[in-house]
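Worksheet: one structure, shown below.
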Amino acid sequence: MISNQILQNTIEGLKSIARVDMCIVDVDGKEVASTADMSNCARGAVEFAASVADSQEIFGYQYFKIFDEQQLEYILVVGGNGEDIYMVGKMAAFQIQNLLVAYKERFDKDNFIKNLLLDNLLLVDIYSRSKKLHIQTDVPRVVLIVETGGGKDNNVLEMVRAYYGNNSKDFITAVDENNVIVVKELVESDVSREIEKTAGNLASYLQKESMKDCRIAYGTVVHEIKEVSRSYKEAKMALDVGRIFFEERNIVAYSELGIGRLIYQLPIPLCKMFIREIFDGKGPDEFDEETLTTIDKFFENSLNVSETSRQLFIHRNTLVYRLDKLQKSTGLDLRIFEDAITFKIALMVVKYMKYMETFEY
């Protein structure tokens, strides 16, 4: 629950204030943390653990019991005796006991959020555990997923937790070793602007920490805690679809996926059938670079021939010739809206198929 290193840091900090050596042992007498060699106190700790007293002086040392929900967890041994040493020991024991409570609550909340995201809780359990953990159930929230190429070795989880600090309203966790998940509580005013600002600030922070290849995706806003898992699934889809169709972006919103969201859910056999029927076996990715550049620029300018030719630095008639040539080879005239839509979808389908092939192998 709480690491030995945290206990070590705590008693070292207390020693620097009180100038008294301390040692923490478990109920079996095994040393957990210590500011000095106090191994000779272990036997006394075991005997003290079996007694009914909460504190006791044994052979010049003060012993204090530390409980976790009425269960004896640790024994604090403080060097020296006297009233001042007793008071220091009581204060140290109180501090460590509060640490146990705080870390237990943090662990319980983290465990609850993970199960909530993965749909592992019954509806009645969601609300009863939320109440027990003092988590508000009816506030707007959104789920953000942070992905970095370095994986868990870069300790991104701790970096994101450090960025959000001790904000008890937001939850930062991980359900696998590749992604960090942020469940962000929002204010009611302008939620869309708040999410964009949150994602942008987080991305900037990670980039400053040498996470140059980080990507952030987020779902839609939910207003009930039971719907948090839906926002998480949307964020996951946004992350995947963003890799395929929005590779130039490092922040992708589920609401901006458009038709890419539909294509992503198509089975591969259906995609192959579509390409075969539209292009008679020839894929749109087989065109030369000049043709593909022309097509991309034409779509970018909303099928405007004059503006496209201007940006490509070619004569209008040259562009018309390229479009006519494309029409002869595919049967699709990109100057007609329906044909342009078909071609655009075909390009996206091919991109999706290529991504899935790479993913499989």
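The values are calculated or read from the model by the stated rules, or taken from the named source; none is laboratory data. Treat the numbers as computed from the prediction; the structure is a model and nothing was measured. For neighbour counting, all protein chains shown are included, and Cβ atoms are generated from backbone atoms with ideal geometry for every residue, glycine included. Surface areas here come from the heavy atoms of the whole protein model, side chains and all, with no ligands, DNA or RNA. Shrake-Rupley method; radii C 1.70, N 1.55, O 1.52, S 1.80 Å.
Compute the FRET efficiency between residue 8 and residue 208 as 1/(1 + (r/R0)^6), taking r as their Cβ-Cβ distance and R0 = 41 Å, and round to the nearest 0.05. Display every interim value, and only then the final one.
Details: r = 31 Å, r/R0 = 0.75.
E between residue 8 and residue 208, to the nearest 0.05, is 0.85.
Quick check: the distance between the Cα centres of region 84-162 and region 316-337, to the nearest angstrom?
59 Å
With the other protein chains left in place, how much accessible area per residue, in square angstrom, belongs to the chain at a 1.4 angstrom probe?
Using a 1.4 Å probe on heavy atoms only, each residue of the chain averages 56 Å².
In degrees from 0 to 90, rounded to the nearest 10, what is the angle of the helix 123-132 Cα long axis to the longest principal axis of the chain?
With both axes taken from Cα atoms, the answer is about 40 degrees.
To the nearest 10 square angstrom, what accessible area does residue 124 show with a 1.4 Å probe?
For residue 124, the solvent-accessible surface is approximately 100 Å².
In whole angstrom, how far apart do the alpha carbon centroids of region 1-60 and region 200-216 sit?
Using only Cα atoms to place each centre, the spacing works out to 42 Å.
At a probe radius of 1.4 Å, what is the per-residue accessible area of residue 245, in Å² to the nearest 10?
30 Å²
Would you mind finding the longest exposed-site-free stretch of the chain, with exposed trypsin sites (Lys or Arg not before Pro) meaning DSSP loop and at most 12 other Cβ atoms within 10 Å?
31-211
I need to check one value: relative contact order of the chain, counting alpha carbon pairs closer than 8 Å and at least 6 residues apart, in percent.
Relative CO of the chain lands at 10 percent.
Determine the principal axes of the Cα atoms in the chain, then give the extent along each, sorted from largest to smallest and rounded to whole angstroms.
101, 43, 42
To the nearest 10 square angstrom, what accessible area does residue 300 show with a 1.4 Å probe?
120 Å²
Any idea what the relative contact order of region 256-331 is, in percent, if you count C-alpha pairs under 8 Å spaced at least 6 apart? If you can, show how the numbers build up before the last one.
Values: 27 pairs, mean separation 13.8, N = 76.
Averaging sequence separation for qualifying contacts and normalising by length gives 18 percent for region 256-331.
Could you please put 171, 274, 107, 298 in sequence from largest to smallest accessible area, using a 1.4 Å probe?
Result, largest first: 107, 274, 171, 298.
Given points 7 Å out from each Cα along the Cα-Cβ axis, report the residue 266 to residue 51 separation in nanometres with one decimal.
It is 7.8 nm.
Among the GluC sites (Glu not before Pro) in region 102-181, which ones are in a DSSP loop with at most 14 other Cβ atoms within 10 Å of the Cβ? Mind listing them?
The qualifying sites are 177.
Per the 1.4 Å probe, what fraction of the accessible area of the chain, in percent, lies on carbon and sulfur atoms?
Details: 10080 of 20130 Å².
On the chain, the fraction of accessible area on carbon and sulfur atoms equals 50 percent.
Suppose a student asked you for the relative contact order of region 66-215, using Cα pairs under 8 Å spaced at least 6 residues apart; what percent would you report?
20 percent
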